[in-house]
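Written out below as structure tokens is the structure these notes cover.
Every number in this text was worked out from the coordinates using simple rules, so none of it is lab data. Values in this document were obtained by computation on a predicted structure and should not be read as measured data. We place every Cβ from the backbone using ideal geometry, glycine too, and count neighbours over all the protein chains shown.
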Amino acid sequence: MGKMMKGFAMLGIGKVGWIEKEVPKCGPLDAIVRPLAIAICTSDVHTVYEGAIGDRHNMILGHEGCGEIVEVGSEVKDFKPGDRVLVPAITPDWNSLEAQAGYSMHSGGMLAGWKFSNFKDGVFSEYFHVNDADGNLALIPDGMTVEEACILSDMVPTGFHAVELADVQFGDSVLVIGIGAVGLMSVAGASLRGASRIIAVGTRPVCINAAKGYGATDFISYKDGSIEDQVMELTGGKGVDRVCIAGGDVSTFEAAIKSLKPGGRIGSVNYLGSGDFVNIPRTEWGCGMGHKQILTGLMPGGRLRMEKLSSLVASGRLDVKPEITHVFHGWDHCAEALELMRDKPKDLIKPVVIPD
């Protein structure tokens, strides 16, 4: 490991390219990791092309990946160089007050558990830094591919978090808005939690086919009319018990509220990249008294969550392979993969780059 490394970076809003930086230094609790595979996220698109978290200059992109440890700090107990590890997109500071309060993803401030490609260089580089290695890394289970490990960084925990926020229960009817890679994991999570009916909103055939495999029972398209009208038609005017939002924009909450039964709950994990306000229809919200709850959140990170979710894959309870539609070999494909996520061609769910 030399002193310098290359990374695929945001140069400014709407601009990306390769830059050279110093290899990050390893603190006593930390680890330096060499990526084995990385994945592009729609959040990278929001960050680069919409400036959703503000202008960033020469910041290495990426928060989804897995890797091999090349260095650990003097106080790291459970990992060593050579270990192949899962790396969550969210890497909290586990000794923070926010973590002790149960909101580790906001350790140090709102969204501050999201470090990679937010206020710290991300994983699209020859080496990257992981804080609190014992609390944030997990070993890749035997037999799991590096492509599958990438999906566990963000797509699985984020999609499942929408289900957790919505508090899906046995027998519930669930509406999943947006069935890209995250929404597909919301479908899978709702099915694992015992939903009796899962209505999925999406249009791309590759996503619809994957959603069927994960347990979706009905499909609607926003191109065929309003989401809420179609939901009401499917449910005989009753609406659904739960809504998981994994796509759309600030106006999507309107359709969610209108589709929800009184006493129902909305769980949103959607990254709202633009817009100033969220639209909530007053009357359909029961004039504020309809017991229609809205919960939003950043996915939890950390080792325990990685170990639990990876055990679902290792045991065969969850198959993430349908998420992976494009695999590239070589760092030079990063820009191409980013463009794919921006353009969303019909055959795309998730691109993975293996830096051979």
Quick one: order ASP224, ASP249 by neighbouring beta-carbon count within 10 Å, fewest to most.
ASP224, ASP249
Taking the beta-carbon count within 10 Å as an exposure proxy, list MET5, MET232 from fewest neighbours to most.
MET232, MET5
Give me Rg over Rh for the stretch 89-132, both radii from the alpha carbons and Rh done the Kirkwood way, two decimal places.
1.01
Cα-based equivalent ellipsoid, the stretch 68-107: semi-axes from gyration tensor eigenvalues, Å
24, 12, 7
Return the aspartates and glutamates within reach of LYS21: Cα separation strictly under 16 angstrom, same-chain partners fewer than 8 residues apart disregarded; answer none if there are no such residues.
ASP121, GLU126
Give the cross-link partners of LYS350 among the aspartates and glutamates, using a straight C-alpha distance below 19 Å as the criterion and excluding same-chain residues fewer than 8 apart.
ASP44, GLU64, GLU147, GLU148, ASP154, ASP319, GLU323, ASP332, GLU336, GLU339
Can you count the Lys pairs in the stretch 158-296 with C-alpha separation below 13 Å, eight or more apart or on different chains?
4
If the convex hull of the alpha-carbon atoms of the stretch 56-178 is projected onto planes in all directions, what is the mean projected area in square nanometres?
10.1
Under 9 Å from the Cβ of GLU284, count the other residues' Cβ atoms, weight Lys and Arg +1, Asp and Glu -1, and hand me the total.
+1
For a Förster distance of 45 Å, can you work out the FRET efficiency between the beta-carbons of ASP55 and SER226, rounded to the nearest 0.05?
0.80
Distance between Cα centroids, the stretch 193-265 to the stretch 1-24: provide it in whole Å.
40
Please give me the summed charge of the neighbours of PRO28: other residues whose Cβ is under 13 Å from its Cβ, Lys and Arg +1, Asp and Glu -1.
-3
How big is the gap, in Å, between the Cα center of the stretch 132-181 and the Cα center of the stretch 91-125?
18
Which of rounded, prolate, oblate describes the stretch 268-356, given a ≥ b ≥ c as roots of the alpha-carbon gyration tensor eigenvalues and a/c under 1.5 marking rounded, otherwise prolate only if a/b is larger than b/c?
oblate
Neighbour-count ranking for CYS26, CYS207 (other C-beta within 10 angstrom, fewest to most) reads CYS26, CYS207
Taking a ≥ b ≥ c as the square roots of the eigenvalues of the Cα gyration tensor of the stretch 218-268, is the shape rounded (a/c under 1.5), prolate (a/b larger than b/c) or oblate?
oblate
Cβ under 13 Å from GLY301's Cβ, GLY301 left aside: what net charge do those residues give with Lys, Arg +1 and Asp, Glu -1?
-2
Summing -39500 (n - 2.57) over every DSSP H run of at least 4 in the chain, dividing by its residue total and rounding to the nearest 500, the 222 nm mean residue ellipticity is -7500 deg cm²/dmol
Can you pull the Kirkwood radius for the stretch 158-296, inverse mean 1/r over Cα pairs, to one decimal in Å?
14.3
In the chain, how does Rg compare with the Kirkwood Rh, expressed as the Rg/Rh ratio over alpha carbon atoms?
0.97
What the 5 Å binned alpha carbon P(r) of the stretch 1-92 shows, as percent of pairs per bin from 0, is 3, 13, 19, 22, 19, 13, 8, 3, 0
